[in-house]
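This report concerns only the one structure given below.
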Amino acid sequence: MQDTSISRGFSICFGQQGGYLALGGFNKTYHSPKDSIKYVPYDATHGQYRVHWKNIKFQGRTLQISEYTLNVGKGAYIDSGTTMFYAPAPIVE
């Protein structure tokens, strides 16, 4: 196992074959060599890890929603503790 330690960190990994939550680092063997690890800073103002969306693909098709609309309002954030999905209304609709 090729693990990479991150002091005081964790990782949430999403993939086509499932995902995982790891405390203290991440496992490189679960990642394609062509994919890079993305780091998301903690937003202390909102108490969340917010994600800036550029686009969304659904069933192989890029949805025609502007980058502004994808990030308007509270934007999108990662929550590993629920099955809830929160996003601006135009995305969900």
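A short reminder: the numbers here are calculations on the coordinates, not readings from a lab. Since this is a predicted model, take the numbers as computed values, not measurements. Note: ideal-geometry Cβ built from the backbone for every residue, glycine included; neighbour counts use all protein chains shown.
Of note:
- Qualifying lysines (Cα of each under 16 Å from Cα of residue 57; at least 8 residues distant if same chain): none
- Shape summary: region 12-59 maps onto an equivalent ellipsoid whose semi-axes, from the alpha-carbon gyration tensor, are 21, 17, 10 Å in decreasing order.
- Order by protection proxy (mean Cβ within 10 Å, highest first), peptides 29-42, 63-76: 63-76, 29-42
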